[in-house]
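Below is one structure, written out as structure tokens; comments come after it.
The values are calculated or read from the model by the stated rules, or taken from the named source; none is laboratory data. All values derive from a computational prediction rather than experimental measurement. Note that each Cβ is placed from the backbone with ideal geometry, even for glycine, and that neighbours are counted across all protein chains shown.
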């Protein structure tokens, strides 16, 4: 019994020692820009309340955003986005869980712009798909900022509506800008 407790204690100490060297960066004010302009009408929105975290040693990252947090220039367009297309009452958030695959190439103690590759699962409208994209991780004064743009096919996430392909582009451009603490 004594050996079992000693083993558990030692395992806990070694585990905590490994985690103590990692730093978790976080923000609740990241930005996600959405653009699905297809016809003559601009269909674009921004969400300034993106919750995101990433770990400097492993590159593990998450993003979470409330769909109703996207703000359009036109209130009617925002209402249609939430009610008819995104069904935000039924699917209130979107999230991404993945990794910066080349995190070892980033020197967190040196200011600079580092190219990154991100792989993971993006969940929108209750549907998850693998996503792989590139971006940059900027270090300025020890503060990281992640920037990137990628496209998603609206139909791949089970989003439908009569104007997709007419007024609404079949592919949406997503731009992420998150400054971490």
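Test residue 48 against the stated conditions and say whether it is touching a strand residue (DSSP E or B) at 6+ places or on another chain (Cβ under 8 Å), on the phi < 0 side of the Ramachandran plot, surrounded by fewer than 17 Cβ atoms within 10 Å (Cβ to Cβ) and assigned to a strand (DSSP E or B).
Criteria met by residue 48.
Checking residue 160 against (1) modelled with pLDDT of 95 or more; (2) touching a helix residue (DSSP H, G or I) at 6+ places or on another chain (Cβ under 9 Å), which single condition isn't satisfied?
(1)
Residue-by-condition table, conditions (1) touching a residue at least 40 places away in the same chain (Cβ under 8 Å); (2) exposed (fewer than 14 other Cβ atoms within 10 Å of the Cβ); (3) in a loop (DSSP other than H, G, I, E, B):
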{"site": "58", "(1), (2), (3)": "yes, yes, yes"}
{"site": "98", "(1), (2), (3)": "no, no, no"}
{"site": "121", "(1), (2), (3)": "no, yes, no"}
{"site": "146", "(1), (2), (3)": "yes, no, no"}
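Going by the structure shown, is residue 62 modelled with pLDDT of 95 or more, surrounded by 15 or more Cβ atoms within 10 Å (Cβ to Cβ) and farther than 21 Å from residue 160 by Cβ?
So residue 62 passes the test.
Out of region 67-88, which residues are touching a helix residue (DSSP H, G or I) at 6+ places or on another chain (Cβ under 9 Å) and more than 17 Å from residue 37 (Cβ to Cβ)?
If the condition is that a residue be touching a helix residue (DSSP H, G or I) at 6+ places or on another chain (Cβ under 9 Å) and more than 17 Å from residue 37 (Cβ to Cβ), then 67, 68, 82, 87, 88 are the ones that fit.
Only one of (1) under 21 Å from residue 28 (Cα atoms); (2) under 19 Å from the mean Cα position of the chain (by Cα) is not met by residue 142, so which one is it?
For residue 142, the exception is condition (2).
Looking at region 65-81 only, could you name the residues that are surrounded by fewer than 21 Cβ atoms within 10 Å (Cβ to Cβ) and part of a strand (DSSP E or B)?
Residues satisfying the conditions are 66, 71, 72.
Across region 151-178, what is the number of residues that are crowded, with 17+ Cβ neighbours inside 10 Å and under 18 Å from the mean Cα position of the chain (by Cα)?
Summing the residues that are crowded, with 17+ Cβ neighbours inside 10 Å and under 18 Å from the mean Cα position of the chain (by Cα) in region 151-178 gives 8.
For region 1-44, give me the residue count where each residue is part of a loop (DSSP other than H, G, I, E, B) and either at pLDDT 90 or above or under 18 Å from residue 62 (Cα atoms) (or both).
Matching residues across region 1-44 total 4.
For the condition surrounded by fewer than 16 Cβ atoms within 10 Å (Cβ to Cβ), touching a strand residue (DSSP E or B) at 6+ places or on another chain (Cβ under 7 Å), within 16 Å of residue 65 (Cα to Cα) and in contact (Cβ under 8 Å) with a residue 12 or more places away in the chain, what is the one hit in 110, 93?
None of the others qualify; the one that does is 93.
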